[in-house]
Every structure is written in C-alpha cells, then in structure tokens.
1. Can you list the GluC sites (Glu not before Pro) in the range A:319-419 that are in a DSSP coil and have 10 or fewer other beta carbons within 10 angstrom?
2. For the range A:69-223, I need the span (max minus min coordinate) of the C-alpha atoms along each principal axis, in Å, sorted largest to smallest.
3. Give the carbon-plus-sulfur fraction of the accessible surface of chain B in %, rounded to a whole number; probe 1.4 Å, heavy atoms of protein chains only.
4. Quick check on the range A:154-257: what are the equivalent-ellipsoid semi-axes from the Cα gyration tensor, as sqrt(5λ), descending, whole Å?
5. How would A:Met366, B:Met68 rank on accessible area, largest to smallest, probe 1.4 Å?
6. Name the residues of the range A:50-98, by number, that are at least 10 Å² less accessible with every protein chain in place than in the isolated chain; the surface is that of heavy atoms, probe 1.4 Å, without ligands or nucleic acids.
7. Take the alpha carbon gyration tensor of the range B:6-89, find the square roots of its eigenvalues, order them as a ≥ b ≥ c, and report rounded if a/c is under 1.5; if not, report prolate when a/b exceeds b/c, else oblate.
8. In chain B, which trypsin sites (Lys or Arg not before Pro) are in a loop and have at most 14 other Cβ atoms within 10 Å, using DSSP for the loop call?
Amino acid sequence: MVTTSQILSTLQMIDREKLDVRTITMGISLLGCVSDDEQRLCDKVYDHICRQAKDLVRVGEDIEREFGVPIVNKRISVTPAALISGGIKNPAALARALDRAAKTTGVNFIGGYSALVHKGITSADRRLMESIPEALDTTDFLCSSVNIGSTRAGIDMDAVRLMGQMIKATAERTADRSGIGCAKLVVFCNAVEDNPFMAGAFHGPGEGDCAVSVGVSGPGVVKSALESVRGEPFDVVAETIKRTAFRITRVGQLVAREASRRLNVPFGIVDLSLAPTPSVGDSVAAILEEMGLESCGTHGTTAALALLNDAVKKGGVMASSHVGGLSGAFIPVSEDVGMIAAAERGALTLDKLEAMTCVCSVGLDMIAVPGDTTAETISAIIADEAAIGMVNNKTTAVRVIPVPGAKIGDSAEFGGLLGYAPVIPVHPFSSRLFVERGGRIPAPLHSLKN
Amino acid sequence: MREIKKAVVTVLGIDCKGIIAHISAVLYDNDVNILDISQTVLEDYFNMVLIADVSSCAFEKLSADLTMLGEKLGLQIRVQRSEIFEAMHQV
C-alpha cells in the first residue's frame with residue numbers, strides 16, 4: 001500500500017517541481033497514401049492522419065485529468081515526407097496538408113517533413129529539402145528534419161552544404177518572426193526512427209502502421225532531489241538521479257500504456273529524456289549547477305552532464321518495457337532558463353555546447369546566432385556535430401537560428417515552449433572552401449561491425 | 001469478481017468546519033465508497049488523504065464536483081487514479 005507521505009511526495013513533484021509527461025506522440029505511417037497526383041496525395045494524407053489521430057488529444061486530456069499529471073503536448077509524427085512525395089513536383093503542398101491535419105486533430109506539432117540522405121540524395125529528397133523554407137514559412141505546426149550522416153554511412157557533405165543554405169533561406173523567409181522557421185528544422189546524424197520529441201520526430205520506415213510513444217520530463221524533480229544530497233560524493237549524486245529517473249519514467253510508462261489501450265494503438269517506446277522548458281524550476285542547467293558549478297558552461301560542465309545523462313538512462317531503463325527515442329538529457333538553449341542565463345553571462349559558448357553534445361542525448365539545440373552567419377559556417381557547424389555523432393555512435397543534431405538582422409548580445413523571442421535566446425557568437429573565420437568540397441566523409445572503421 | 005478501481009482524494013488548505021462532511025457528501029452522491037481516510041491538522045493546516053473505490057462512478061463528474069467544492073471551501077481538492085502513486089513508489 002502506498003503511504004500518505006509517498007502520496008504527498010508525488011503531489012509535491014507535480015505541483016512544485018513541475019513533473020509532467022512532456023508529450024504523447026502518435027506515429028503514423030503514410031506509406032499507404034502514395035500517389036503521383038498532388039491533390040490526391042494531400043487528400044489521402046490529410047484524411048488518414050485525421051482518422052488515426054481523431055481521439056489523440058481527447059484521450060491525452062482524459063488521462064491527464066484522471067491521473068492528475070500534466071501531459072503538456074499531444075503530437076503526431078509521420079513517415080518522412082520525401083518517401084511519399086517522389087511522384088509530385090512541389091512537396092510544399094504536402095507540407096500544408098500535414099499542417100491542416102495537425103490543426104484539425106488539435107495537436108500542437110506534426111513532425112516528419114523529413115528526408116533521410118545520410119548516404120545519398122534522391123531527386124525526391126532534393127525537392128523536399130529545397131522546399132523546406134517555403135514549407136516552414138507557409139505552415140504553423142509543421143516540423144522538419146533531415147538526416148545527413150550515420151555511423152554506418154559516413155557524412156553526406158553535399159547534403160550538409162545544402163542544409164546550411166536551407167537554414168539560411170528558412171531564416172530569411174521567416175525574418176519577420178525572428179527566423180522561427182529554423183526553430184522547427186533539425187539536421188541530424190544517426191537520427192532515430194521513434195523519437196517522440198519535436199522538432200526532430202518522424203515515424204521511421206522501420207516502424208509499423210501506427211504507434212504511441214511518450215516522452216517524459218522532470219528536470220525540476222531531479223534538481224530538487226539533488227538539493228537533499230549537497231556536498232555528498234558523486235556516487236550518491238548518481239544514485240539519487242537514478243532513483244528519481246526511475247519514478248519519473250514509471251509515470252511515463254503508465255501514461256504510455258494507458259494511451260495505447262484507450263487509442264487501441266500499439267505502444268511504441270518511452271523516451272527517457274530530461275526535457276527542460278523556459279519556465280523557472282524546469283531547467284537542466286540548474287541540475288548541473290546544483291552539482292557544484294557556479295554557472296553552467298564553466299569547467300566541469302561536460303563531466304556533470306555526462307553523469308546526469310548516464311544516470312537518467314540507468315534509472316529509467318528498468319521502469320519501462322520499451323525504451324527508445326533519444327533518451328538522455330536535452331540542452332536546448334532557448335528552452336531552458338538556466339542555459340539562457342549562462343549564455344547571457346558569457347559562460348556558455350558554442351564551443352562548450354559542442355563539447356557537451358558529446359555526452360548528452362542530442363546536439364546543438366535552439367541556439368540563436370548572428371544574422372550575418374554564412375550558410376557555409378552553418379554547414380561547417382553541422383559537419384562538426386555530425387562528426388561527433390558518427391564517430392561516437394550516437395545521435396547528434398543541429399537546430400540553430402541565424403536570426404535575421406540580429407547581432408551578438410541581442411535576444412530572439414520564439415514564444416511558448418520554444419522560449420527566447422541570446423544571440424551568441426560563431427567563429428569569424430571562413431569554412432567556405434571546406435564546405436564547397438562536397439562528397440562524402442567515409443564512415444569510421446568501427447562501422448564495420450559485421 | 002469485478003476489479004476495484006481506486007482513486008486517491010487529497011485535500012490541502014486551512015481547516016474549517018465540515019470539510020469531511022462536504023467531501024463525503026460529494027463522494028456519496030457520485031456513488032463512491034470510501035476505503036480509507038488519513039487526516040492531520042498541523043497548526044491551522046488541514047491535510048487529508050482519502051482512498052476511495054471509484055469503480056461505479058463517472059470520474060469526470062466526480063473530479064469536476066470536487067474541484068467545485070474546493071473552490072467553495074477555499075481548499076485544494078484533487079482526485080487521481082491510484083495507479084500513478086503505485087507506479088511511482090512500488091516496484
């Protein structure tokens with residue numbers, strides 16, 4: 001039997017420490033919607049999504065009410081759009097159909113305007129990648145991602161070059177909104193097929209017809225637990241994080257199982273990620289600082305993050321029957337008040353963030369850079385990040401926003417969960433000749449596992 | 001035998017007359033059986049945890065009724081399915 005003090009501790013986690021389930025994401029395969037007629041493709045996609053996800057938001061709200069735990073987002077991920085848009089000329093029409101489906105079903109993001117080009121670019125992939133600026137400009141809830149490298153295939157530098165240009169073009173097309181289009185565009189290395197978190201979610205080609213996955217959260221709960229072990233050695237810190245992650249994940253597993261049952265859709269995975277939000281008390285940076293760092297970004301930050309990332313996985317993995325997605329700690333700068341403060345005081349730089357991405361679950365995330373950053377520099381940032389992912393067998397990603405007209409020290413406002421970010425400097429030296437080479441960076445030796 | 005669906009009702013706030021009377025009236029009206037109550041008053045703060053069988057009630061209505069009562073009495077009243085606490089604190 002659960003004791004009164006356990007009940008009250010759960011309530012405290014929800015009320016004061018902002019424990020929530022970050023997202024229920026329904027992955028929907030669109031492979032059955034293929035058509036070479038633009039209108040017919042768009043109609044089939046719209047109808048299929050609306051039919052599959054018609055109860056998603058209602059069921060999410062019911063579970064939220066009955067279990068008393070907030071479920072912040074209800075979202076949809078779909079088959080990478082490039083896989084179904086090969087027969088049509090302008091995939092941006094499909095983007096708008098996806099956006100309409102998101103609005104009809106009431107979800108707040110739909111992900112999967114994506115292409116998987118880690119080894120090569122098909123003509124359909126190229127059309128889709130080139131349509132990303134228009135797609136993100138003419139939609140509200142659509143998210144886009146492109147996988148440009150993998151440990152098995154190496155890094156497709158032609159795709160890296162193109163994506164640098166597309167990020168710049170997206171920023172320009174959404175210049176009146178601080179370049180917000182780029183906040184919904186992720187460039188991956190080793191993208192996972194079952195990630196429930198935006199903006200990088202898509203329903204991979206290896207998935208079934210439909211699945212529900214859950215992304216947990218709870219940086220505030222971990223921070224609060226660590227407050228009770230101040231001054232203790234790291235063994236105690238790791239144990240405390242593991243115990244907390246276990247509890248958080250059990251809630252995620254419960255919600256995932258319940259959502260799967262009520263929607264009559266198979267349960268996909270629970271993603272054990274500590275995802276921050278811009279509200280106070282929901283910060284990953286605050287956890288790192290609680291470990292004894294004066295500011296996130298100072299020396300010791302990478303080690304602190306490595307411990308956190310590992311302990312979250314170890315604690316969470318036993319709490320769920322299927323763990324997947326990105327699973328680790330997220331460090332999106334604009335979505336974390338502690339990261340924002342660290343960047344504003346100059347403690348957190350792009351180089352330090354890059355080092356941090358070697359040991360956590362994603363990559364350079366939600367970082368505002370000056371508006372005059374060139375496409376080649378952005379491509380080079382992507383290449384660096386992809387190299388880290390490729391060599392270390394992990395997912396890495398780049399979601400940077402070259403905010404049009406903004407200079408170092410300015411602030412870019414994206415609103416809501418996307419938060420705001422101080423514009424931080426990039427290196428002023430050119431990477432143009434490096435990026436213009438194109439071709440493929442070969443896969444590392446340890447890709448030859450067979 | 002039918003499976004019992006349990007819920008936990010928690011009440012927090014400044015103590016006043018008739019809290020339990022009001023809450024049990026709402027529970028009775030919603031066809032809810034009370035299984036266990038534990039209550040403490042620390043200084044003026046009232047703190048109650050009540051376990052109830054909600055197998056035969058409409059959860060949504062119960063939740064709305066209790067929230068309304070909470071607003072009337074100036075208390076924070078919540079009802080949650082018990083599985084969330086069991087998941088978190090039991091292996």
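1. Numbers: sites: A:Glu335, A:Glu344, A:Glu354, A:Glu376, A:Glu385, A:Glu413; in loops: none.
Answer in residue order: no site qualifies.
2. If we take the Cα atoms of the range A:69-223, the spans are 45, 38, 33 Å.
3. On the way: 2690 of 5030 Å².
Roughly 54 percent, rounded to a whole number.
4. Details: eigenvalues 249, 86, 46 Å².
Here the semi-axes work out to 35, 21, 15 Å.
5. Working: A:Met366 0, B:Met68 125 Å².
Most to least solvent-accessible, the answer reads B:Met68, A:Met366.
6. Output list: A:Arg65, A:Glu66, A:Phe67, A:Gly68.
7. Values: a/c = 1.78, a/b = 1.26, b/c = 1.42.
Here the range B:6-89 falls in the oblate category.
8. Working: sites: B:Arg2, B:Lys5, B:Lys6, B:Lys17, B:Lys61, B:Lys72, B:Arg78, B:Arg81; in loops: B:Arg2, B:Lys5, B:Lys17.
For trypsin sites (Lys or Arg not before Pro) across chain B that sit outside H, G, I, E and B with at most 14 neighbouring Cβ atoms in 10 Å, the list reads B:Arg2, B:Lys17.
The values are calculated or read from the model by the stated rules, or taken from the named source; none is laboratory data. All values derive from a computational prediction rather than experimental measurement. A quick note on method: Cβ atoms are made from the backbone with ideal geometry, for glycine too, and the neighbour counts reach across all protein chains shown. Heads up: the accessible areas ignore ligands, DNA and RNA and are worked out on the full protein's heavy atoms, side chains in. Shrake-Rupley method; radii C 1.70, N 1.55, O 1.52, S 1.80 Å.
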